[in-house]
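Student: Please read through the structure below; I'll follow up with questions.
The values are calculated or read from the model by the stated rules, or taken from the named source; none is laboratory data. Not measured: the values here are computed from a predicted model. Don't worry about glycine lacking a Cβ; one is built from the backbone with ideal geometry, like all the others, and counts go over all protein chains shown.
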Amino acid sequence: MASVPYDTVDTDEARALAAGNPRSFLRIGRPEIDRPAGTDIHSDAVYAKAAANFQEFQKVGYLVREDQPHVYVYRLQMGKHIQRGIVGCCHIEDYEKNIIRKHEKTRADKEDDRTRHVKTLNANSGPIFLTYRDVPALDKIVAETEKGRPLFDFDAADGIHHTIWRIASSDPVVEAFARVPVCYIADGHHRAAAAVRAGTEKMASNPRHTGNEEYNWFLAVLFPAGQLQILPYNRCVNDLNGLSREAFLGAVKKVFTLTDNASPTPSGTRHCSMYVAGKWYGLSWTVSGNDPVASLDVSFVQDRLLSPILGIQDPRTDKRIEFIGGIRGTGELVKRVDSGKAAVAFSMYPVTVDQVMAIADAGRIMPPKSTWFEPKLRSGLLVHTL
């Protein structure tokens, strides 16, 4: 039943993943797959289908309500990498007061969609991925919980192993988190913003609001920062902005140190690998100053190459640029360029969790598509109703 997050697949991919499986949670997260092809994904019928499927999943027993509130341990294993998070609910005031810190802007259309989805379902169907600086007391609770029998323990189709345990008592967890000063959104900025908007709107429409309602809270998984893994977020651009290959390389050489026959994977920060016309080139540079955003590799490449040379002024809205998650590997970049879908691709070095937290602490925003956290949380294992 558990599915990939709604925003990691498009409609066709979601339909293929859910084919022949009436239990797939994608029927709630991407309900347009149960409507005729070509249906507007933001139509009333699509949101209504999400609600109908959600009710049906409860009626037939795919989803079972706990008899009392709990918190949980969620462990993900991807190859040798293991990370363990605590699943619970965070308060919308913590988001509003910047106790839950952000590093990314949200798009109005995506935020509107998820807000409506939350309010139509009256539930948070997908958790927000949060991180905090490591706390030994919480690590100890997690380690003890892992000794018990899990609720769920399975390998997903992509090879990621998922295990969830119910924690015996929530009190020690709540007490330990009371001493955590801040946490950070790692993945799920749109889901978080939508959950807060939905809660705020429900509050405003409830004349008997007390502050104890479930809409004051949203579903999250909180991981210690020391366990997280960030993969690169690579870039492809459709054309060379009217330049010949020689003119393009000449312009790049004026800004970067350019080397031939480079490795597809950059060796470290302030390095990038570029694939164009069937060949890999290495780009390197130096950065002056200590601005936490400007010093990011993705910022430098955007400000000194993508914008002035390739004409990508706003990577959030420009249709000529595409972002490719590092989980797909550099082979995907070669495939897109060699097939003619892109003219040039950039293989980036990943940012660190410390960089993400430093930028959020400074109240700054990272460039779009800077981080790709992996492995991804599965939706449908745990749901919070409002």
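Student: So which of N238, N206, N216 ends up being out of contact with any Cys (no Cβ under 6 Å at 6 or more places or on another chain), among the polar types (S, T, N, Q) and surrounded by fewer than 16 Cβ atoms within 10 Å (Cβ to Cβ)?
Tutor: Working: N238 fails: surrounded by fewer than 16 Cβ atoms within 10 Å (Cβ to Cβ); N216 fails: surrounded by fewer than 16 Cβ atoms within 10 Å (Cβ to Cβ).
None of the other options fit; the residue is N206.
Residues are listed down the side, and each one gets a yes or a no for (1) over 17 Å from P224 (Cα atoms); (2) touching a helix residue (DSSP H, G or I) at 6+ places or on another chain (Cβ under 6 Å); (3) surrounded by fewer than 17 Cβ atoms within 10 Å (Cβ to Cβ); (4) β-branched (V, I, T):
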site	(1), (2), (3), (4)
A168	yes, no, yes, no
E175	no, no, yes, no
Y184	no, yes, no, no
H189	yes, no, no, no
T210	yes, no, yes, yes
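Student: Restricting attention to region 132-154, does a residue exist that is within 27 Å of S205 (Cβ to Cβ) and surrounded by 19 or more Cβ atoms within 10 Å (Cβ to Cβ)?
Tutor: No, region 132-154 has no match at all.
Student: Okay, next question. When you scan region 145-168, do you find a residue that is over 24 Å from P375 (Cβ atoms) and of a type in the set (D, E), even just one?
Tutor: Taking region 145-168 first, the residues over 24 Å from P375 (Cβ atoms) are 168.
Pick out the ones that are also of a type in the set (D, E) and you get none.
No, every residue in region 145-168 fails to be over 24 Å from P375 (Cβ atoms) and of a type in the set (D, E).
Student: Go through region 195-304 and tell me which strands (runs of 3 or more DSSP E), entirely inside it, have 1 or more residues that are under 26 Å from the mean Cα position of the chain (by Cα). Working first, answer last.
Tutor: Numbers: elements: 217-224, 233-237, 257-260, 271-276, 279-284.
By residue number, 217-224, 233-237, 271-276.
Student: Quick one: how many residues across region 331-386 are hydroxyl-bearing (S, T, Y) and either surrounded by fewer than 20 Cβ atoms within 10 Å (Cβ to Cβ) or over 19 Å from R316 (Cα atoms) (or both)?
Tutor: 5
Student: Filtering region 46-69 down to residues that are surrounded by fewer than 16 Cβ atoms within 10 Å (Cβ to Cβ) and touching a Ser or Thr at 6+ places or on another chain (Cβ under 9 Å), which residue is modelled with the lowest pLDDT?
Tutor: Taking the candidates together, the pick is P69.
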